[in-house]
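Colleague: Here it is, the structure in full.
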Amino acid sequence: MAVAQSVVEARNYVGGRWVAASTEETFEDRSPADTRQLLGVVPRSSATDVEAAARAARQAYPEWRRWSRIKRAEVLDEFVQLVKRDKEELARLMAVECGKAINEARADVVEGIHTAQYWFGRARMASGEVLASEIADKESYVLHKPKGVVAAITPWNFPFAIPMWLICPSLVEGNTVVFKPAEETPLTGQRIVEYMEKAGLPAGVLDLVHGFGEEVGWPLVTHPEVDVVLFTGSAQVGSMIKEACARDYHKFCVCEMGGKNAMIVFDDADFDLAVNAAVISAFKTTGQRCVSAERLIVQQGILERFTRAFVERARRIRIGHPLNEDTFMGPLVSEAGLNKVLGYNRLAREEGAQVLLDGGRLEDGEERYGYYVRPFVYTMPHRSDSRVLREEVFGPHVAIVPFKTIEDAIAIHNDCEYGFALSVCSRDYRKIRAIREECEFGVGYVNLPTIGAEVHLPFGGLKKSGTGMPSAAALQEAVTHRVTFTINHGQEIKMAQGLQTQVEALES
Ligand code: UN1
């Protein structure tokens, strides 16, 4: 389906001005659903552009920090009015730019709107604490003060919602932001900045630099003016960012990284609910969420029936252009993504998987112009030395792994370097509770898919999945410093811990 659309000339946004990259170079933004479709021509920026953006953000910081917290948040209310007006058009742009099915693109826009609304409201809520002192005349406050300049480096799989998760709390708390959207989704990223500008955000408060990880992301992470790095992406890049931030004494980072998420299905589960939850977990967004499930850990008693039903439903999944209303799975995001998924499908066979659905590329019709693949489903007993059962694939590639006892299920679940999302399907509260207590994860679900977080909940994983500092609603902790501020309402100095001041002897 060719979509008539004019080619967008994207720009960086630095200090309130829309500018080309200092290199004057550009790169092409093509649709993964049909690579004949050129969507945009995008600045290929360099460290020089990062320098200008970081300086602009630093310059804008003191004044922005002094705005009332409530006034800062009012910009987000304005932003929401603008986005709501364009919601459908924005979802369509996102669908063709990253390949996610249109109904998921709409949900992505809604998630971004919810984030802005949440932080708009939160600005009027208490944001500190008043604490007692050992001394009756003293009283302490804990205040959140902004940290300064935040770098937001975001992925293509939620090109609207995830930048909003990172940008909104940063701005409301009084930081300024340099934003680098994924090179696969620069136009959706740029739209956020355009709406913020229209909503009245002052120049320099949110700066945008387009480009690639090595050329823009890295200079941004290591830039001395950047105080906080907020990153969502691969574990490999996240680990480099953590290392770089550790070297720089003032720098803090939050990294949301990959997952090898599992659904644990017990014999007593509500059968249809469990099968549907598994299909949604494995195949929505074509398996490209950091919370997608690539492991279905299923108890022996229902293994055969579950496997049959799951494969049947997976076989019926509609794969097609993201703008078709009935598409369940759009394409993978890129050729690199496609090669990675096909490579892991091959590896599963090499590791002895029993393949139930072949997961090949769609090579006929219009689909041959995009990166479309079919679901790949296999069964394999758990093995600690298996790569496919432990590494993140980021695609519609899912293993059905049998288990006998709850202890087996827990051991299989935790035998993995990641710990992001988990779902358990059962009717037995004791089993559910044991899973909750013994499994390592950051976002857990019962009788639900592993996907579908809401913006007012903390969102983050353990182990290789994250820095243990969740984002979304919990991000205030990352972009502010908790300042303790103690006041003496008396006329004498009285110390805690019974410490004698001994100053009387010094007076005359
Ligand atoms: C991601 O998986 O990269 O929980 C983010 C969800 C979404 C966000 C996912 N609200 O599925």
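The values are calculated or read from the model by the stated rules, or taken from the named source; none is laboratory data. In this text the structure is predicted, and so the values were computed from the model without any measurement. Positions of Cβ are generated from backbone atoms using ideal geometry, with glycine treated the same way; all protein chains shown enter the neighbour counts. Keep in mind that these areas ignore ligands, DNA and RNA; they rest on the heavy atoms of the full protein, side chains included. Shrake-Rupley method; radii C 1.70, N 1.55, O 1.52, S 1.80 Å.
Colleague: When residues of region 124-138 are filtered for being in contact with an Asp or Glu (Cβ under 7 Å, 6 or more places away or on another chain) and either open to solvent by less than 70 Å² (accessible area, probe 1.4 Å) or part of a helix (DSSP H, G or I) (or both), how many remain?
Modeller: Count: 1.
Colleague: Those residues that are more than 18 Å from the chain's Cα centre (by Cα), part of a helix (DSSP H, G or I) and either among the aromatic types (Phe, Trp, Tyr) or under 20 Å from ARG390 (Cβ atoms) (or both), I need them from region 234-277; list them, please.
Modeller: PHE271
Colleague: Go through region 191-222 and report how many residues are closer than 18 Å to ASP108 by Cα and either open to solvent by less than 10 Å² (accessible area, probe 1.4 Å) or in contact with a helix residue (DSSP H, G or I) (Cβ under 7 Å, 6 or more places away or on another chain) (or both).
Modeller: Here the count works out to 5.
Colleague: Okay, moving on. Determine which member of the set GLY233, GLY204, GLY189 is within 16 Å of the ligand (Cβ to nearest atom) and within 19 Å of ASP49 (Cα to Cα).
Modeller: Result of the check over GLY233, GLY204, GLY189: GLY189.
Colleague: Looking only at region 379-407, which residues are within 12 Å of ARG295 (Cβ to Cβ), of a type outside the set (Val, Ile, Thr) and in contact with a Lys or Arg (Cβ under 8 Å, 6 or more places away or on another chain)?
Modeller: Across region 379-407, the qualifying residues are LEU389, ARG390, GLU391, GLU392, ALA399.
Colleague: Still on this structure: Kindly provide the set of residues from region 271-287 that are within 16 Å of the ligand (Cβ to nearest atom), in contact with a Lys or Arg (Cβ under 8 Å, 6 or more places away or on another chain) and open to solvent by less than 10 Å² (accessible area, probe 1.4 Å), ordered by number.
Modeller: THR285, THR286
Colleague: Quick check on my filter: what residues within region 296-333 are in a strand (DSSP E or B), buried (at least 22 other Cβ atoms within 10 Å of the Cβ) and more than 16 Å from the ligand (Cβ to nearest atom)?
Modeller: LEU296, ILE297, VAL298, GLN299
Yes/no per residue for (1) open to solvent by less than 80 Å² (accessible area, probe 1.4 Å); (2) in a helix (DSSP H, G or I):
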position	(1), (2)
ARG30	no, no
GLY40	yes, no
ALA53	yes, yes
ALA56	yes, yes
LEU76	yes, yes
ASP86	yes, yes
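Colleague: From the residues in region 157-183 that are part of a loop (DSSP other than H, G, I, E, B) and within 23 Å of HIS223 (Cβ to Cβ), which one is farthest from the ligand (Cβ to nearest atom)?
Modeller: Per the criteria, the residue is GLY174.
Colleague: Hey, another quick one. Among the residues of region 88-123, how many are open to solvent by 40 Å² or more (accessible area, probe 1.4 Å) and either free of Cβ contacts under 8 Å to residues at least 24 places away in the same chain or within 16 Å of the ligand (Cβ to nearest atom) (or both)?
Modeller: 9
Colleague: Sticking with this structure for a sec: Do we find a residue being touching a residue at least 24 places away in the same chain (Cβ under 8 Å) and within 16 Å of the ligand (Cβ to nearest atom) anywhere in region 124-132?
Modeller: no
Colleague: OK, next. What residue, among those in region 471-487 that are of a type outside the set (A, V, I, L, M) and touching a residue at least 60 places away in the same chain (Cβ under 8 Å), is farthest from the ligand (Cβ to nearest atom)?
Modeller: Here the residue is THR486.
Colleague: Ok, one more. Considering only residues that are hydrophobic (A, V, I, L, M, F, W, C), out of contact with any Cys (no Cβ under 6 Å at 6 or more places or on another chain) and open to solvent by 10 Å² or more (accessible area, probe 1.4 Å), look in region 245-270 and name the one that is farthest from the ligand (Cβ to nearest atom).
Modeller: Out of the qualifying residues, it is ALA246.
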